[in-house]
1. Which residue fluctuates the most in the chain, going by a Gaussian network model with Cα springs under 10 Å, if the choices are ALA74, ALA82, ALA55?
2. Using a 7 Å offset from Cα along Cα-Cβ at ASP40, what residues in segment 98-134 end up with backbone N under 14 Å from the label point?
3. What is the count of Lys pairs in the chain whose alpha carbons sit under 16 Å apart, if the two are 8 or more places apart or on different chains?
4. Can you give the FRET efficiency for ASN3 and ARG146, using 1/(1 + (r/R0)^6), R0 = 30 Å, r = Cβ-Cβ distance, to the nearest 0.05?
5. Hand me the trypsin sites (Lys or Arg not before Pro) from segment 86-188 located in a DSSP loop with no more than 15 other Cβ atoms within 10 Å, in residue order please.
6. From the Cα trace of the chain, what convex hull volume per residue do you get, rounded to a whole Å³?
7. Given H placed on each backbone N at 1.01 Å, which residues far from LEU7 in sequence or on other chains put an amide H within less than 5 Å of it?
8. Can you give the calculated 222 nm mean residue ellipticity of the chain, where each DSSP H run of n ≥ 4 adds -39,500 (n - 2.57) and the sum is split over every residue, rounded to the nearest 500 deg cm²/dmol?
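Bear in mind that the values in this text are calculations on the coordinates, not laboratory data. Please read these numbers as outputs of a predicted model, since none were measured by experiment. All Cβ positions, even for glycine, are placed from backbone atoms using ideal geometry, and neighbour counts span all protein chains on display.
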Amino acid sequence: MDNRPRLLAGPDGRLRCAWSGTAEDYVAYHDLEWGVPVFDDVRLFEKICLEGFQAGLSWLTVLRKREAFRRAFAGFDFRRLARWGEQDVQRLVRDPGIIRHRGKIASVLNNARRACELAEEQGSLHRFFWSFQGREPRELARELKRRGWTFVGPVTVESFMQAMGLVDAHEPGCWRRGAAACTKPHRG
């Protein structure tokens, strides 16, 4: 049985999901971003890529490198990244500002090409991702893998779905719980 606390009171007295801890940047991420529904294709692509980089590491490590990742990966503009190749992978492997895992870097470029295909087919990435709202993460992971995406296992996809607001994973009692309930995805 897990006896860790599920909620933590912050300096402002608000109860938050305990994983947010007390680090200022982590608390801000919890309060302002995590679980807020996202419908922007580039932000969705960025997040699924960053979740892939997080595999085996702390999210706080990735969060603190996020601006460097954005610079290195052209703001996660997947249409631009889809044209990058091996020379870019080699350059990024030498970038000290990011996590220099060759497989994860190559995965971003592969997934950018898959994202272009998906956006063309579905009209947008958000239309595709939001069609999985209320479904199991393994279903989305399986479909992405079927389409040739990499570093998108069920745990990574579950984290992505929680962070992007496809599910409300805030703990009962957390001041953010239910904040996204009234937001429904637009189908544009």
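1. Residue with maximal mean-square fluctuation among ALA74, ALA82, ALA55: ALA74.
2. Answer for this model: 126.
3. Working: LYS47/LYS65; LYS47/LYS104; LYS65/LYS104; LYS104/LYS145.
Lysine pair count for the chain: 4.
4. On the way: r = 39 Å, r/R0 = 1.31.
Once rounded, the FRET efficiency stands at 0.15.
5. Working: sites: ARG91, ARG94, ARG100, ARG102, LYS104, ARG113, ARG114, ARG127, ARG135, ARG138, ARG142, LYS145, ARG146, ARG147, ARG176, ARG177, ARG187; in loops: ARG94, ARG100, ARG135, ARG147, ARG176, ARG177, ARG187.
Here the sparse-neighbourhood loop sites are ARG94, ARG100, ARG135, ARG147, ARG187.
6. Values: hull volume 23.4 nm³, N = 188.
In the chain, the Cα hull volume divided by residue count equals 124 Å³.
7. Residues meeting the criterion, in which the H sits 1.01 Å from N, are ALA18.
8. Values: 10 runs with 95 residues, N = 188.
So the helix-based figure for the chain works out to -14500 deg cm²/dmol.
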